[in-house]
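Down below is the structure, laid out as structure tokens.
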Amino acid sequence: MRWCSAALLVLLFGACGGDDDSASGDSGSRDTAVDGSVGVVGRIEITARDEARRPSPCRVRLLSRAGSPVRLGRVTGSTEVGELIGEGAVAAFDAVSAVACDGLEVPVGFGNYDVVITRGLAFESVTTTARAGDVVDVTLAPVPGFAELTCGDLHVHSAPSFDSDVPMEQRLIGAVAEGLAVVAPTDHDAVGDWTTARDVIGDAPLEVLLGNEITPDHWDTPIELGHVNMIGLPLAFDPRDLAMRGPLGDVLEGARDIAPGALLQLNHPRWNRWNGWFAHIDFEASAAQLEELVQLDLLEVFNGHELDNGSRDGDVDAVLLDWYALLNTGRYIPATGNSDTHRLSRSPAGWPRTCTRGRFVDAVFAGESFVTSGPSVSMRLVSADGERRPGGIAQGREHTLRVTVDAAAFVPLESADVVINGELIDSFLVTRGVEVEVPITVEGDSWVVVVARGDAPLGPEAGGHARPMPSIAFTNPIRIDADMDGVVVP
């Protein structure tokens, strides 16, 4: 048994008076600085590896033995500015992220800690117990269901944005640590030069797609039009060229004229009447409303930042219903899921994300993708004329749907729903990695999606939002041309 004096309690955040095995290490509200100025008595050395035993990207969190997060970095600014603690590593709030966790030194106080090491949702996490002076060496195994997939986040914010302080290089380190292959900085009416920031991640295979979030409610004369991302812009793009265009259809047309190669994505459509166009126009998929969306490429159905919104109007299940109504008109707009992060550790990039099997931009545009905050979903429709995946069109009335759902062990996973034309037609319990067959007969033109869900929300791996992140994944649709006339209109 160990005892501490009152003087030591002023300096150290580790619990005193308990057995060494039960020391909490809980910093409470204290800021444990990465430079060792407060409460640090030593370091835990951490190495994370891939299956080939090479140093791997990772994010490290420390929990007290009571389960409380331990502060690992100073937080400055109105959102979150971390502190670089070495080459390709940043500490922010309660996490350290690194491009390569190879002997990463994390400062700690007295006591034992639960060390949680992750690499996003496509890899298993490892939790182990350690204390000052210990060396931790772990392998982060890939989840089979994410093999050969490319996942990206098409909506992140950084210092060029008026509402984020996150430095560009720290944003990229965080994206690599979360296992992303693609990230699109989409700051509000601002396009930054990421060339120098890109140097901090070295050879890490992260594609940076320049973007811009059209933000009419912050123009000189504010307009209620919702927000639209332009993704895949040249550095020379000037967001001011779009100012004062409206209604939404005119904004989209103007964006298309100025940047014909960019993807146009309607963001958080039910956030509120200023930021969400569906909320602004009371969306009901009317002909007049659809006319405004002629130039739209993508719909952000799952927005992680919505979990910090006081209202639940924009939660993923609400926007799924809007999307279903849109698909039922015959208007095919692929769904995406993005973090809309403005911070680092408390809302990490890639939660949720969009995953594809092909070239990312082309596949996302075609709807050959699924959206996830944890599970992977493989959906194939087998018909007389062959096999189709999301984004494809099958013909005929008789089909067999083959579904495989997988997830890391830390991701809650329970069931999967088969939805046709917005109606639930089947539901089954999921066994990770095991294919399930569902026979399908349709009377007319249709579309089918699969939605996989957990029986509990995600834990701290998904960040520290105001509300917990649901464990959910959903595919883009496979369309069915039942009458084989070359047109799919449900």
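FYI, it's all coordinate maths here, none of it is from the lab. These numbers come from a predicted model, not from an experiment. Cβ: placed from backbone, ideal geometry, glycine included. Neighbour counts: every protein chain shown.
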*asked:* At R0 = 45 Å, how high is the FRET efficiency between E291 and R467 if r is their beta carbon distance? Nearest 0.05 is fine.
replied: 0.85
_Efficiency of FRET from Cβ geometry, R331 and L429, R₀ 45 Å, rounded to 0.05_ = 0.85
*asked:* If I model a spin label at A456 and E105 as a point 7 Å from the Cα along the Cα→Cβ vector, what separation in nanometres do I get?
replied: 3.7 nm
*Entry for Cα Rg over 2.2 N^0.38 Å (calculated from the structure that is shown) out of (1) 1.01; (2) 1.29; (3) 3.00*: (1)
_Inter-label distance for A409 and E87, nm, one decimal - labels placed 7 Å from Cα along Cα-to-Cβ_ = 3.3 nm
*Separation of region 184-215 and region 139-159 by C-alpha centroid, Å?*
17 Å
*Take W274, W351 and order them by how many other Cβ atoms sit within 10 Å, fewest up front.*
W274, W351
*Cut-off 20 Å (backbone N to label point 7 Å along Cα→Cβ of A141), residues of region 101-126*: 115-126
*Just rank H280, H188, H218, fewest to most, by other beta-carbon atoms within 10 angstrom.*
H218, H188, H280
*What FRET efficiency do you get for M484 and T129 if R0 is 60 Å and r is their Cβ-Cβ distance, rounded to the nearest 0.05?*
0.45
*How would you rank 221-228, 315-322, 425-432, highest first, on the average number of other Cβ atoms within 10 Å across their residues?*
221-228, 315-322, 425-432
*Using a cut-off of 15 Å between beta-carbons, work out the net charge of the residues near P412 (Lys and Arg +1, Asp and Glu -1, P412 not included).*
-3
*Taking neighbour Cβ counts within 10 Å as the exposure measure, how do E435, E45 sort from fewest upward?*
E435, E45
